[in-house]
Amino acid sequence: MSIRNSICEKWNNELIWGLSGRAVNDLQSFCMARIDPENLGNMWAAQERLNPTIEIANSFYTDNGVPINEDKVWDYSGRYSSQVAGSEDRFNLAEGYETAKLNYHRENRYYASLAFDGSVWYMQKNGSDEKAFTVKARMGQPQAKLGAYNYSVTGYWPKKLISWKFVLSNNSSTTEWFPWPELRLADLYLLYAEALNERDQTTAALDWIDPVRKRAGLKGVEESWKNYSTKPDKYKTKAGLREIIQQERTIELVFEGQRYYDVRRWKTAATELNQKIHGWDIDQEAPEAYYRPKVLFDQQFVAPRDYFSPLREEILYFNKNLVQNPNW
């Protein structure tokens with residue numbers, strides 16, 4: 001909840017530059033799922049238009065604080081199979097419910113940022129953890145596809161952007177507005193760590209990454225990689241720490257509009273944005289059928305053209321000193 005509230009709590013002490021406006025209220029509606037048992041048909045206030053992808057789910061660390069494909073003890077090859085959640089999982093997963101292994105033993109930011117089939121969703125209305133809302137999204141279940149529109153096409157919801165005070169009622173909703181976090185403390189720390197690493201001050205950079213990780217309940221980079229990663233020395237090189245910082249920014253700032261610019265200034269967009277986009281097979285009822293990654297979109301990024309945006313023709317017409325960006 002503290003991770004969610006670093007975004008959704010009004011003027012919290014981690015906010016450096018906040019933008020006010022009604023658009024944030026509309027955004028909450030676009031992200032919200034129909035999780036209230038009393039309002040399962042309320043597609044007008046829980047519009048479910050913004051849907052995270054499996055690629056985003058894969059990007060979060062394990063609870064050991066390292067990437068899922070590097071963790072020595074996490075079952076990476078079996079992540080798309082499923083198992084039933086036990087009582088020890090009840091704070092993050094619906095107890096007794098079968099969900100993907102991808103959802104087990106992940107870091108706190110995974111559960112704070114994402115909702116998915118089998119997840120627990122804490123809101124003010126449902127009070128304690130014993131009464132927490134749950135998401136059950138396979139075909140025929142409460143949060144499954146309902147009608148021709150307003151449903152999660154991927155099987156994920158961006159929980160992070162919704163105030164815990166959001167309430168569904170009679171085809172409407174009430175919520176608390178919050179300023180959009182144009183810049184917040186974790187962003188600043190990670191930008192500074194990135195700058196230090198690029199100046200070959202690797203050790204100093206760790207001092208600014210680790211507070212962000214500690215806030216998320218994780219050990220520092222050095223301890224995590226030494227003890228759990230199949231690449232224990234990764235953080236010791238500039239290139240290795242650069243990769244760690246970039247993944248840390250992707251996780252910490254997910255859904256905050258930063259990655260669009262990050263992959264462009266890192267010049268990794270040609271790789272990152274030429275990958276297929278996947279979601280779950282949401283039209284399926286059985287877990288083994290639902291948990292099959294399905295290609296939803298084959299995105300294309302043309303380099304170097306797409307590192308720039310085209311200038312409007314009318315701007316070029318009125319200002320003869322301007323020239324069109326390359327390849328547009």
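For ALA57, indicate whether it is in contact with a strand residue (DSSP E or B) (Cβ under 9 Å, 6 or more places away or on another chain), closer than 25 Å to VAL153 by Cβ and not in a helix (DSSP H, G or I). No. For ARG34, the conditions (1) of a type in the set (Lys, Arg); (2) buried (at least 20 other Cβ atoms within 10 Å of the Cβ); (3) free of Cβ contacts under 8 Å to residues at least 24 places away in the same chain are fulfilled apart from (3).
In the range 57-67, is there at least one residue being over 17 Å from the mean Cα position of the chain (by Cα) and buried (at least 18 other Cβ atoms within 10 Å of the Cβ)? Checked against the condition, which is being over 17 Å from the mean Cα position of the chain (by Cα) and buried (at least 18 other Cβ atoms within 10 Å of the Cβ), the range 57-67 yields at least one hit. Of all residues in the range 7-26, exactly one satisfies the criterion of being buried (at least 20 other Cβ atoms within 10 Å of the Cβ) and either of a type outside the set (Val, Ile, Thr) or touching an Asp or Glu at 6+ places or on another chain (Cβ under 7 Å) (or both), namely CYS8.
Once the range 90-128 is narrowed to residues that are of a type in the set (A, V, I, L, M) and not in a strand (DSSP E or B), the residue that is farthest from TYR228 (Cα to Cα) is MET123.
From the list GLU107, GLU95, which residue is more than 27 Å from PRO37 (Cβ to Cβ), at pLDDT 95 or above and not β-branched (Val, Ile, Thr)? So that I can check it myself, show each step before the final result.
Numbers: GLU95 fails: more than 27 Å from PRO37 (Cβ to Cβ).
Being more than 27 Å from PRO37 (Cβ to Cβ), at pLDDT 95 or above and not β-branched (Val, Ile, Thr) holds for just one of GLU107, GLU95, which is GLU107.
Summed over the range 153-170, residues that are more than 24 Å from SER6 (Cβ to Cβ) and out of contact with any helix residue (DSSP H, G or I) (no Cβ under 8 Å at 6 or more places or on another chain) total 1. Would you please name the residue that is nearest to HIS278 (Cα to Cα), looking only at residues in the range 74-111 that are out of contact with any strand residue (DSSP E or B) (no Cβ under 8 Å at 6 or more places or on another chain), surrounded by fewer than 20 Cβ atoms within 10 Å (Cβ to Cβ) and touching a residue at least 12 places away in the same chain (Cβ under 8 Å)? Once the filter is applied, the top-ranked residue is GLY78. If the condition is being small (Gly, Ala, Ser), surrounded by 18 or more Cβ atoms within 10 Å (Cβ to Cβ) and assigned to a helix (DSSP H, G or I), then the range 200-218 contributes only ALA205. Determine if the range 155-163 includes at least one residue that is surrounded by fewer than 16 Cβ atoms within 10 Å (Cβ to Cβ) and of a type outside the set (Ser, Thr, Tyr). Checking the range 155-163: not a single residue is surrounded by fewer than 16 Cβ atoms within 10 Å (Cβ to Cβ) and of a type outside the set (Ser, Thr, Tyr).
Of the residues GLU176, GLU182, which is touching a residue at least 12 places away in the same chain (Cβ under 8 Å), within 23 Å of ALA216 (Cβ to Cβ) and of a type in the set (D, E, K, R)?
Values: GLU176 fails: within 23 Å of ALA216 (Cβ to Cβ).
Testing whether each residue is touching a residue at least 12 places away in the same chain (Cβ under 8 Å), within 23 Å of ALA216 (Cβ to Cβ) and of a type in the set (D, E, K, R) leaves just GLU182.
Scan the helices (runs of 4 or more DSSP H) fully inside the range 219-328 and keep the ones with 1 or more residues being buried (at least 17 other Cβ atoms within 10 Å of the Cβ) and touching a residue at least 60 places away in the same chain (Cβ under 8 Å).
Details: elements: 221-228, 238-252, 259-265, 269-272, 287-290, 313-318.
Those helices (runs of 4 or more DSSP H) span 221-228, 238-252, 287-290.
The values are calculated or read from the model by the stated rules, or taken from the named source; none is laboratory data. Keep in mind that what you see is a predicted model, and the values were worked out from it rather than measured. Don't worry about glycine lacking a Cβ; one is built from the backbone with ideal geometry, like all the others, and counts go over all protein chains shown.
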